[in-house]
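Working notes for the structure below.
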Amino acid sequence: MNYKNKILIITLISLLLVGCRGKDHVNKLKEMDMAPKSFTELNRGIQNILDEVGQIEKIEMGIDSTEEKLDTEKYGEMNTDSEPQQSEESGQSQNQEEEGGGKEGENQKENQSSPQPIKEKKDNKEEDKQKKVESIWNKIDKSLEEVHSSWNDYEVEGVRKGATDDKGVAFESSLNKMTKAVENRDILGIYDYGSQSIFNLKPYYDLYSDEIGGEVGKIKYMVYQYYISGILKNPVRAQSIISDYEENINKIRVKIDNDKNKTKELDKIIFGLKSLPQSLEEDSKRLLLIKKDVLIENLNALE
């Protein structure tokens, strides 16, 4: 074998080795141990229901939108005290009588009819609000069916992966209770059992070594339970609920490694959790709602 042929053979072998190593590297990237689509859809479906319930709360509190908030304040202020309203109407009547002379009867008629359009507008806004709420409940009913379907699709896969029967029983119990709470239109019940359902998915997430969903779900559970305790004015339970989040944060940090975007979201979450106790001191449902929503939004972004 001459020298040129030897060089050619060595070159070909080197190229083959480099190619194999490249394929091995690609395969390692593709073989990350992540949960299947049916499972992530299950988790996302429950979260969507909790988000929709939050929208209902905002509508009922008059913070569905800036326009609705302004209108609620405007018409609520005009009807809080009847005596100032009568005084104002009397002043308007006197001015109109001085300017228009001889139109007293007409002015009185206008003053008597002026509150009617306001009442009609308030009635229309209330009807629109109820329609929005009913539409969201219908959406939740549909999402709930999809959640049960996703669980049915994944359950066998979970057992194959190594999940024990008791984990399935725990999740189904909380899911069934959430379903009953939806049927009863019980908002706090949905938050309670919905967050328990997310928490009960953690043992399944833990079956996949590269997933952070289990740790994220545990923190979501803490946030929702904190919110419930705040609404029910139980500060002792609220404080105890969020007392041990650091372990979950540390596990997430290890798994996201040097991902700058996720690290940024994680830092936001840590700051939000640390500031939660201040929200209890204000005794404000709106503040509790805002704190909950901001934290859940950050957790969703991280997940």
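Compare SER38, SER149 by solvent-accessible area with a 1.4 Å probe and give them largest first, with all protein chains kept in place.
Descending accessible area places them as SER149, SER38.
Once you sort the root eigenvalues of the Cα gyration tensor of the stretch 173-303 as a ≥ b ≥ c, which label holds: rounded (a/c under 1.5), prolate (a/b larger than b/c) or oblate (the other case)? Mind dumping the intermediate values first?
On the way: a/c = 2.08, a/b = 1.23, b/c = 1.69.
Verdict is oblate for the stretch 173-303.
Using DSSP to call loops (not H, G, I, E or B), can you name the trypsin sites (Lys or Arg not before Pro) in the stretch 206-239 whose Cβ has at most 13 other Cβ atoms within 10 angstrom?
Details: sites: LYS218, LYS220, LYS233, ARG237; in loops: LYS233.
Taking the stretch 206-239 and a limit of 13 other Cβ atoms within 10 Å, the loop trypsin sites (Lys or Arg not before Pro) found are LYS233.
Ordering SER150, SER135 from largest to smallest accessible area (1.4 angstrom probe), what's the sequence?
The ranking, largest first, comes out as SER135, SER150.
How would GLU127, GLU265, GLU145 rank on accessible area, largest to smallest, probe 1.4 Å?
Details: GLU127 95, GLU265 35, GLU145 135 Å².
The ordering from most to least exposed comes out as GLU145, GLU127, GLU265.
Applying the Karplus parametrisation 6.51 cos²θ - 1.76 cosθ + 1.60 with θ = phi - 60° to the phi angles of the stretch 258-268, what ³J(HN,Hα) value in whole Hz is obtained for each residue in order, glycine and proline being reported as x?
After applying 6.51 cos²θ - 1.76 cosθ + 1.60, I find 9, 5, 5, 5, 6, 5, 5, 5, 5, 5, 4 Hz.
Along the stretch 285-298, what does the Karplus equation 6.51 cos²θ - 1.76 cosθ + 1.60 (θ = phi - 60°) give for ³J(HN,Hα), rounded to whole Hz, x for Gly and Pro?
5, 4, 5, 4, 5, 5, 4, 4, 4, 5, 5, 5, 4, 5
Output ³J(HN,Hα) for the stretch 269-284: one whole-Hz value per residue in order, computed from phi by the Karplus curve 6.51 cos²θ - 1.76 cosθ + 1.60 with θ = phi - 60°, and x for Gly and Pro.
So the J values, rounded to whole Hz, are 5, 4, 4, x, 5, 5, 8, 4, x, 5, 5, 5, 5, 7, 6, 10.
Quick check: at a probe of 1.4 Å, how many percent of the accessible area of the stretch 167-243 sits on carbon and sulfur atoms? List each step's numbers first, then the result.
Values: 1500 of 2870 Å².
So the carbon and sulfur contribution to the accessible surface is 52 percent.
Please identify the trypsin sites (Lys or Arg not before Pro) of the stretch 106-215 that satisfy two criteria: DSSP loop assignment and at most 15 other Cβ atoms within 10 Å. Which are they? Before the final figure, lay out the partial values.
Details: sites: LYS109, LYS119, LYS121, LYS122, LYS125, LYS129, LYS131, LYS132, LYS139, LYS142, ARG160, LYS161, LYS167, LYS177, LYS180, ARG185; in loops: ARG185.
Qualifying residues, ordered by number: ARG185.
The values are calculated or read from the model by the stated rules, or taken from the named source; none is laboratory data. Because the structure is a prediction, the values reported are computed rather than measured. Cβ: placed from backbone, ideal geometry, glycine included. Neighbour counts: every protein chain shown. The protein model used for the area step is the full one, side chains on, heavy atoms only, and it has no ligands, DNA or RNA in it. Shrake-Rupley method; radii C 1.70, N 1.55, O 1.52, S 1.80 Å.
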